[in-house]
Amino acid sequence: MNQHYLELRSLTKSFGKGETKVTAVDHIDLAVCEGELVTLLGPSGCGKTTTLRMIAGFHTPTSGDVLIDGVSVNALPPNKRPTAMVFQNYALFPHMTVAENIAYGLKIRGDSRESIDTQVEEMMNLIGLQGLAKRQPRELSGGQQQRVSLARALVMEPKVLLFDEPLSNLDAKLRVSTRLEIRKLQQRVGITSVYVTHDQEEAMTLSDKVVIMKDGIIQQIGSPSEIYSHPCNRFVAAFIGKANFLEADIVKVTDTQLLMKINGKDVSAPCWNKSIRKNDHVLVVARPESIILGEPSADLIEGTVRDSVYFGSQMLYEVQIATDQTVQIEIADPQHHKHYEKGTKVGLTFKDRSLHVLTELEGAGNET
Ligand SMILES: Nc1ncnc2c1ncn2[C@@H]1O[C@H](COP(=O)(O)OP(=O)(O)O)[C@@H](O)[C@H]1O
Ligand SMILES: [Mg+2]
């Protein structure tokens with residue numbers, strides 16, 4: 001496997017000048033391995049589409065480089081780059097049939113009629129569009145149209161496949177099944193892919209690697225589980241899943257453990273960050289499923305149940321632990337747990353090795 005199949009080096013794009021200047025993408029570095037699917041994830045306006053368009057050649061970088069398979073593609077126009085893009089709105093030609101849409105790029109390239117027919121048929125079989133060759137896009141469902149646009153991209157055998165929020169126009173159920181299909185197909189074909197989304201669940205379920213962006217800057221790159229369990233800062237912790245933020249004072253640091261006080265009570269966490277010292281004031285990320293609800297006791301963090309919502313497979317509690325702080329707690333399998341009514345005093349503990357300590361401190365509170 002080629003470790004740096006697609007590389008972005010200090011890639012930057014600014015729009016406008018003077019007071020209206022916006023730096024949409026700010027010196028980003030990224031290496032994508034051959035066959036990997038990497039998602040760019042972040043809130044609207046963080047620079048995802050701009051990054052993708054620079055890879056495809058639709059935007060010229062203000063500075064920096066795009067390399068594919070070790071070669072700079074900066075000087076190449078989009079149609080000369082070994083990339084293909086799948087768009088949110090499918091961008092199919094409405095007056096052409098499915099087969100004609102898939103064949104379009106091959107025709108422009110000047111492939112022979114016979115070769116085109118074979119490639120189109122193979123692609124329709126691969127993507128599960130058999131029997132739909134003669135239909136026009138308006139005679140297809142949204143999910144089928146998106147498959148056609150995927151087929152049209154793949155048939156060109158690009159080195160890198162680019163997706164810009166391809167599922168946004170589908171309803172929730174279809175989004176889930178289509179994203180699974182995309183993932184299976186991407187793995188079967190083994191094509192290096194960059195996938196843009198603002199949907200964290202989509203990113204987590206699809207990706208080998210997730211790149212979290214904010215204001216044009218990469219915050220963190222990691223596998224879905226690394227990002228969830230070891231977010232590098234508060235923004236990432238809050239953007240991925242739900243997070244409770246608790247302030248703590250470090251009491252003791254060992255090679256493997258951090259001992260600290262939260263609300264005056266002893267708590268321990270695994271030590272990931274070697275820069276944390278005794279007496280540091282830190283922010284602790286506690287995922288809702290990592291908190292255990294129990295009977296109150298002198299050595300446990302005290303709380304009062306303010307609300308509880310039943311979801312069948314889960315019970316969600318809101319527990320107040322200080323005048324200005326409540327935490328969200330998720331209990332899986334609520335049928336087999338004691339239920340705590342509103343107003344009940346409770347004691348909180350944390351599942352083993354479930355806490356993550358951040359060095360930055362922007363004040364505790366809740367964000368979901
Ligand atoms: N063509 C453009 N001209 C001016 N500003 C732009 C242009 N395209 C994007 N921007 C700005 O760049 C920033 C990033 O946009 P974009 O890459 O589309 O974000 P995302 O895809 O993450 O929602 C935004 O502030 C957006 O307004
Ligand atoms: Mg976008």
> Do we have any residue at all in the stretch 135-144 that's among the hydrophobic types (A, V, I, L, M, F, W, C), over 24 Å from residue 109 (Cα atoms) and assigned by TED's automatic domain parsing to the domain that holds residue 95?
Replying inline: yes
> Say we look at the stretch 3-53 and pick out the residues that are more than 18 Å from residue 81 (Cα to Cα) and among the acidic types (Asp, Glu); which of these is nearest to ligand 1 (Cβ to nearest atom)?
Replying inline: 26
> If you scan the stretch 47-85, which residues turn out to be in a strand (DSSP E or B), farther than 25 Å from residue 21 by Cα and either modelled with pLDDT of 95 or more or more than 13 Å from ligand 2 (Cβ to nearest atom) (or both)?
Replying inline: 67, 68, 71, 72, 83, 84
> Considering the stretch 157-180 alone, what residues qualify as being within 16 Å of ligand 1 (Cβ to nearest atom) and of a type in the set (Asp, Glu)?
Replying inline: 164, 165
> Among the residues of the stretch 317-330 satisfying the criterion of being more than 15 Å from residue 343 (Cα to Cα) and over 24 Å from the mean Cα position of the chain (by Cα), which is surrounded by the fewest Cβ atoms within 10 Å (Cβ to Cβ)?
Replying inline: 324
> residue 94 versus (1) part of a loop (DSSP other than H, G, I, E, B); (2) modelled with pLDDT under 95; (3) in contact with a strand residue (DSSP E or B) (Cβ under 9 Å, 6 or more places away or on another chain); (4) away from ligand 1 (no atom under 16 Å from the Cβ): which is the lone unmet condition?
Replying inline: (3)
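So that you can scan it fast, the table gives a plain yes or no per residue for (1) of a type outside the set (A, V, I, L, M); (2) touching a helix residue (DSSP H, G or I) at 6+ places or on another chain (Cβ under 6 Å); (3) at pLDDT 95 or above; (4) within 13 Å of residue 357 (Cβ to Cβ):
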residue: 257; (1), (2), (3), (4): yes, no, no, yes
residue: 288; (1), (2), (3), (4): yes, no, yes, no
residue: 300; (1), (2), (3), (4): no, no, yes, no
residue: 315; (1), (2), (3), (4): no, yes, yes, no
residue: 321; (1), (2), (3), (4): no, no, yes, no
> How do the strands (runs of 3 or more DSSP E) wholly within the stretch 136-241 filter down when requiring 3 or more residues that are touching a residue at least 60 places away in the same chain (Cβ under 8 Å), within 16 Å of ligand 2 (Cβ to nearest atom) and closer than 26 Å to residue 29 by Cβ: which remain?
Replying inline: 160-164, 192-197, 209-214
>> Take residue 279 and tell me if it is loosely packed, with under 13 Cβ neighbours inside 10 Å, under 25 Å from residue 254 (Cβ atoms) and of a type in the set (S, T, N, Q).
In response: yes
> Looking at the stretch 112-124, is at least one residue in contact (Cβ under 8 Å) with a residue 60 or more places away in the chain and either loosely packed, with under 12 Cβ neighbours inside 10 Å or hydroxyl-bearing (Ser, Thr, Tyr) (or both)?
Replying inline: no
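The values are calculated or read from the model by the stated rules, or taken from the named source; none is laboratory data. Keep in mind that what you see is a predicted model, and the values were worked out from it rather than measured. Quick reminder, even Gly has a Cβ in these numbers, built from the backbone with ideal geometry, and neighbours come from all protein chains shown.
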